[in-house]
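The structure appears below as structure tokens.
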4 protein chains.
Amino acid sequence: MSKIMRYSRDYKKKDTIITVKNVKIGGKFFAIAAGPCAVENRDQYFETAIAVKKSGANLIRGSAYKPRTSPYSFQGLGQEALTIIRDLGEELKIPTITEVMDPRDVKTTSQHADILQVGARNMQNFELLKELAKINNPIILKRGMSATIEEWLNSAEYLMTEGNENIILCERGIRTFETITRNTLDLSIIPLIKMRTHLPIIVDPSHATGNRELITPACKAAIASNSDGLIIEVHQNPEVAMSDGPQSLDIAQFSELINQIKPILEVERKIITGTTLNLSEIRHQISCVDEDIIDLLATRMSLVPSLIEFKRENQIPIYQPEREKEILTKYANLAQKYTLNPALVQKIFDLIITEMRELQKKERV
Amino acid sequence: MSKIMRYSRDYKKKDTIITVKNVKIGGKFFAIAAGPCAVENRDQYFETAIAVKKSGANLIRGSAYKPRTSPYSFQGLGQEALTIIRDLGEELKIPTITEVMDPRDVKTTSQHADILQVGARNMQNFELLKELAKINNPIILKRGMSATIEEWLNSAEYLMTEGNENIILCERGIRTFETITRNTLDLSIIPLIKMRTHLPIIVDPSHATGNRELITPACKAAIASNSDGLIIEVHQNPEVAMSDGPQSLDIAQFSELINQIKPILEVERKIITGTTLNLSEIRHQISCVDEDIIDLLATRMSLVPSLIEFKRENQIPIYQPEREKEILTKYANLAQKYTLNPALVQKIFDLIITEMRELQKKERV
Amino acid sequence: MSKIMRYSRDYKKKDTIITVKNVKIGGKFFAIAAGPCAVENRDQYFETAIAVKKSGANLIRGSAYKPRTSPYSFQGLGQEALTIIRDLGEELKIPTITEVMDPRDVKTTSQHADILQVGARNMQNFELLKELAKINNPIILKRGMSATIEEWLNSAEYLMTEGNENIILCERGIRTFETITRNTLDLSIIPLIKMRTHLPIIVDPSHATGNRELITPACKAAIASNSDGLIIEVHQNPEVAMSDGPQSLDIAQFSELINQIKPILEVERKIITGTTLNLSEIRHQISCVDEDIIDLLATRMSLVPSLIEFKRENQIPIYQPEREKEILTKYANLAQKYTLNPALVQKIFDLIITEMRELQKKERV
Amino acid sequence: MSKIMRYSRDYKKKDTIITVKNVKIGGKFFAIAAGPCAVENRDQYFETAIAVKKSGANLIRGSAYKPRTSPYSFQGLGQEALTIIRDLGEELKIPTITEVMDPRDVKTTSQHADILQVGARNMQNFELLKELAKINNPIILKRGMSATIEEWLNSAEYLMTEGNENIILCERGIRTFETITRNTLDLSIIPLIKMRTHLPIIVDPSHATGNRELITPACKAAIASNSDGLIIEVHQNPEVAMSDGPQSLDIAQFSELINQIKPILEVERKIITGTTLNLSEIRHQISCVDEDIIDLLATRMSLVPSLIEFKRENQIPIYQPEREKEILTKYANLAQKYTLNPALVQKIFDLIITEMRELQKKERV
């Protein structure tokens, strides 16, 4: 097909970074979603949410509607749960995630939760996807149990047809002959996904493995595979959970998981927003950003010899006051778009440009 | 779970036989559904339907709504197609099948087509299933691409929760590592399905193989595996079909397919209703039924020695006029339920009972 | 690769028909191999073999070497079993099949059994295949548990590199997510295999399903899918079998299976050689061949109008005595190759040619 | 089965640590094997080996015998390559890995290479496994393309039946419906493997992904999943490689890979032996070990309250000179087994015991 797909890098080169409340997802920004499988009642949901937020989660999951294999299993609290989710989102000022299964529920759900989730069983429920394309909330699109990458990205395209670019892919394991884990977590495709699409991709180790004991190493592997986030089932008392108990962590286990993954997050230079960090964590994240700034400065300076050569051959003077002024104005405008102080940006680039001009003079000799 | 599932043999021992217009599906009754992937316009649908009916199809398929991997592919004519389908069903007096994908379309669709179909991608679209549970039309439930038997039957249960027993399962191939066929047709599970459920199961070789050349042997194998029907994509001109062209048969190929499968249908003693048969086919089907009647008579007579022994040990006389009368009355009532002439049934059983009584006297000596 | 593969239809257009003792496999000739998983002792093997031969098997299976998942399971009797197999083959004059796993055992095994089998686990044991390429016995090559068609045919090519064309492919189920059957029998690929290769392909329903109850419908489906044979595990007492008990039929069940598949074999016009048939079965097989002869005669006669037109346009006389004589001589030679009476063949073709000449005269007018 | 399997944690509780030349594999010790798919000639193999060793590999891979899908592809240099491998192993003092496919080649191969490898296609080539059980070299056992964990561990058991415990498992991807990567790397099973067996497990990202671009993230994920090593295909000129070119790294890419994985190895506190490290790397590894020693000391001291309580209740004196002497003697013996200086060990434990005794006195008060 010659049509350029909206999910593709041909359509948008840079990583999509999604902002929801004070949390960012994509690029350098890593998401840690946690919470119960289902919202069972107000206390259970609030208690779990407060605890996982304290441990380091920056998104809260919890379903009002549950897709269940058997019609006789607990199907979720429905509208009652939506109200609880909305209240929590407002009280804790943390973004909430909830699943939607029926096109008729899309609008109401989008008014109660921040991020909507499409489950694996609904990845090709095209009528649901078309309805979701009409709203603007970020959407998590789980991979179908036997969906190819091609099919998955096409389903993302359904969500984007009316302009919403805030789509988050979620790998949650595929069906294979190996049944010792509930599904087979397919991490090798993450770098392939990144080549093809600008959309962020997160990993769900709870549904992938179906086994509490396998979640920590799966999370570490997911981070090391360059994913953009995790979504983990946590229940204050997994023994009595109304669904997915065996794969849910309790609150202490979740806290320990966060400790285990932090060093890998540091290695991968990921930044976690919207959560309370301690001073040394904040300093580390700052220094990660600083190092990247310095790296880019070095890249900029490395272009000096090419500049010299070009200007010499084309007999262009090193100092071009008009050009420099033009650049500074342009960056001041850009700064405003990013809500940065334009004066600061102008001062910094004045220094950079001056340095680069001096280098050209020195090396030209 | 201790709950008895409605799909199970524990709930209902005998095969479900579905009647729609003058066609029966299940038990001895074999269904041959054919028609285009999508209703593209009135002429194309009518032309194909008339031709496949003439060749031997007793159900007409054709979609108004199409689940398409890409949002930019042809999505079906929608309501316009439903009207065409309703008109054809009325004019040709043949049952029609059409897919439904959105819970909001269920009611209207059920008023325009005879049989509704749930596609593989929607097998676990539980909100759709719940909506379908409210109508009474027969429903074809396709197996999901990587659905286990357990999950499939649970989805059938969703459809049956409000009392509709007219559910038809449809095997359409599963996803495996082997991609030389589009899917892998899983015929060995048919006898397992039959052990677990009273519901009929049909086979879709078009989507299973994705390749016109493989359809005839797959159909023959499906019949030999004891399935209850076939659903086949036929287009009057596959080259210009708006979807699924490569796997569609043209009309001559469908006619040839029917010729190829007829001998296997005869071996399996299947009866096709609602279609024009030639005299020798009708005679064959009659003789199949007759042979089964004779077989049951022999089974009945083989019980004579046990009867003799029991009555002797318990000193019960061979002739029991009260018991005989009771049986005849009971069968006369049963006859009425089946809309058979009660007098005929009474006469036949009077003959049988008399014969059996005489045999007891003779052998007792 | 531009090399023409020996397995391909490009290398050899007509179906390979393998002859071993008085049994033929391939083309119209259908093989029914039966016998125990392993040769456990002389009595068990002889007893089972005699019984299945009487029921209609024309090949006897039974392993001397068993590939077992655990090193602590029964590994087969080895050389002792080979001697028993050789004795049975001589006494019953029936071809025997046995598995070989070690390149060092190939030569000895080839001297004790008629047909050697490569198991699914050894399909890509290339050193074994290379050793097998040196012998001339027919070889059954089972498909690996997750082997593609391409890989399977390449392994067949290994066996054929030194000229042996007597290779029999055997589909035995593939590994998929569905574990309710031990493997998923992949019958749709049989017509694809037939398009690509001249080699016969048989089906093993015992290993494919791992469940005695599923074997009969799987056998019927295999025949209807145009396979060339079956290989079935039978034990005189499955309860005490040293391996594969749950999937083995007992002797009565095997006999019943043969009754069930015979009508499908008749529909598919398959001929079973090397086994005692009753008069009506023989007559049926004769009439199948006769009908095919008549069909070919009709095809020949249908060419008359083209002949007339061609000869008229090119002004060639209808009667061409030189050409007729040449044909008759050629066919007499061909007859000798097939060990047919050349005089008979000449007489038949003299009649045919005369008829065709007369038809040309009549229609030309 | 009630038999205790040699691979199981019931048989041996602690991680097996394999020592070959000056390299250790298992427990804290991480292996990095690299080298060409096949030994094509002396120069190519030596050049690649020297380069990867310099970059940080501590094992050299390279095949003399190649399992190839087609009989017409390059099959390896055979004995000529074995000689080259032996020479390299001696000259570079680095352990070498090579594949063996034929039971007849096991003995010779074991005399030329340090570690023997069983390929995925031969995982259930039981005759090969039985022959390998007779030698003492470490053996890498790759997982079959569709092998369950159970089958894989049973094949490891075959290798261990005669006492060899130096078995290394190797995950190399499984066959699934997803063909965008050549296989699906199944990392979630690594923690499960670790629960069941004491054997080390390494990961082959080259065969798993079949794609050079995916190797680095797969390696990082493998380390984060707690694997014990990597085996990577490297060729000095992948463009002209006689096999597996598209998945081979060139030397610069391998060197960059090592840089990428080092931070994750540090987080996971892995130690790489037999390779030249720079001072800061050595210091880091030393400090990892030191921290673990300190951690164990703290664990030992934390037992003081229990000791006090027990001794008080049972009226045992805190100071038990006989017991202390006994312990010191026992540890001196153990030290000798590990080739440690017994005096050093005695001195250390004298300090520890004294400290613990003092603590008991202090806390008792």
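Annotation for D:I348, label-to-label distances across the other copies: 5.0, 9.2, 9.3 nm (shortest first, one decimal, point 7 Å from Cα along Cα→Cβ).
Bridges between two residues of the protein assembly as shown, per DSSP, are antiparallel at a rate of about 20%.
Magnitude of the charge dipole for the protein assembly as shown, about its Cα centre and with charges confined to Cβ atoms of Lys, Arg (+1) and Asp, Glu (-1), is about 0 debye. Along the axis of the charge dipole computed for chain D (Cβ charges of +1 for Lys and Arg, -1 for Asp and Glu, origin at the Cα centre), the listed residues D:I140, D:T181, D:L249 are led at the positive end by D:I140. Straight-distance candidates among the lysines for linking to B:K134, with alpha-carbon spacing under 18 Å and chain neighbours fewer than 8 residues away dropped: B:K107. Most simply put, chain A has about 20% antiparallel DSSP beta bridges, counting only bridges with both residues inside it. Checking the a/c ratio against 1.5 first, then a/b against b/c, what shape does the Cα gyration tensor give for the range B:18-277? Here the range B:18-277 falls in the rounded category. A Förster radius of 22 Å combined with the Cβ-Cβ distance from C:H284 to C:L340 puts the calculated FRET efficiency at roughly 0.45. Solvent-accessible surface of chain D, taken per residue with a 1.4 Å probe and all protein chains present: 42 Å².
Accessible area of A:F74 (1.4 Å probe, protein heavy atoms only, ligands and nucleic acids ignored): about 50 Å².
For B:F74, the point set 7 Å out from Cα toward Cβ sits 4.7, 5.0, 6.0 nm from its twins in the other copies, listed from shortest up.
Around C:T96, under 9 Å between beta carbons, what's the net of Lys plus Arg minus Asp minus Glu among the other residues? Combined, the nearby Lys, Arg, Asp and Glu give +1.
For the set C:K361, B:K54, B:K134, the ranking by accessible area, highest first and with no ligand, DNA or RNA atoms included, is B:K54, B:K134, C:K361 under a 1.4 Å probe. The B:E150 and C:E213 beta-carbon pair, evaluated with R₀ = 22 Å, returns a calculated FRET efficiency of approximately 0.75.
In the context of the full protein assembly, B:S287 retains an accessible surface of approximately 40 Å², using a probe radius of 1.4 Å and ignoring ligands and nucleic acids.
Ordered from highest to lowest accessible area with the whole protein assembly present and a 1.4 Å probe, B:E131, C:E90 read as C:E90, B:E131. Each Lys and Arg Cβ is given +1 and each Asp and Glu Cβ -1; about its Cα centre, the range D:142-245 then shows a dipole of about 240 debye. For the range C:130-142, the Karplus equation 6.51 cos²θ - 1.76 cosθ + 1.60, evaluated at θ = phi - 60°, returns couplings of 5, 5, 5, 4, 7, 9, 10, 4, x, 10, 8, 10, 6 Hz by residue, with Gly and Pro reported as x. For C:I282, the accessible area of its heavy atoms, probed at 1.4 Å with every protein chain present, is near 70 square angstrom. If you sort the three axes of the alpha carbon gyration tensor as a ≥ b ≥ c, you get a/c of 1.5 or more for the range D:303-364 and a/b above b/c, which makes it prolate. Accessible area ranking (1.4 Å probe, heavy atoms, ligands and nucleic acids excluded), largest first, for D:T148, B:T181, B:T339: B:T339, D:T148, B:T181. Between copies, the label points at A:T299 (set 7 angstrom from Cα along Cα-to-Cβ) are spaced 4.5, 6.9, 7.9 nm, reported in nanometres from shortest to longest.
Overall, the range B:222-269 carries a charge dipole of about 160 debye about its Cα centre when +1 sits on the Cβ of Lys and Arg and -1 on the Cβ of Asp and Glu, all other atoms neutral. Computed per residue of the protein assembly as shown from DSSP H runs no shorter than four, each worth -39500 (n - 2.57), the mean residue ellipticity at 222 nm is -14500 deg cm²/dmol. Mean sequence separation of contacting Cα pairs (under 8 Å, at least six apart), scaled by the length of chain B, corresponds to a relative contact order of 17 percent.
When each full DSSP H helix of chain D is screened for a Cα extent of at least 30 Å along its own axis and an average Kyte-Doolittle hydropathy of at least -1.0, the helices passing are D:279-301, D:342-364.
Straight-line reach from A:K361: taking Cα to Cα under 16 Å and skipping same-chain neighbours fewer than 8 places apart, the lysines in range are A:K311. Here the chain C residue lying nearest the rotation axis onto D, judged by its C-beta and given with the distance in whole angstrom, is C:S146, 2. Straight-line reach from B:K24: which lysines have Cα under 20 Å away, leaving out those fewer than 8 places along the same chain? B:K24 reaches B:K12, B:K13, B:K14, B:K53, B:K54, B:K93, B:K142, B:K194, B:K262, B:K270, B:K337.
The values are calculated or read from the model by the stated rules, or taken from the named source; none is laboratory data. Worth saying up front: this structure is predicted, and the values here are computed from it rather than measured. Cβ atoms come from the backbone with ideal geometry, glycine included; neighbour counts cover every protein chain shown. Keep in mind that these areas ignore ligands, DNA and RNA; they rest on the heavy atoms of the full protein, side chains included. Shrake-Rupley method; radii C 1.70, N 1.55, O 1.52, S 1.80 Å.
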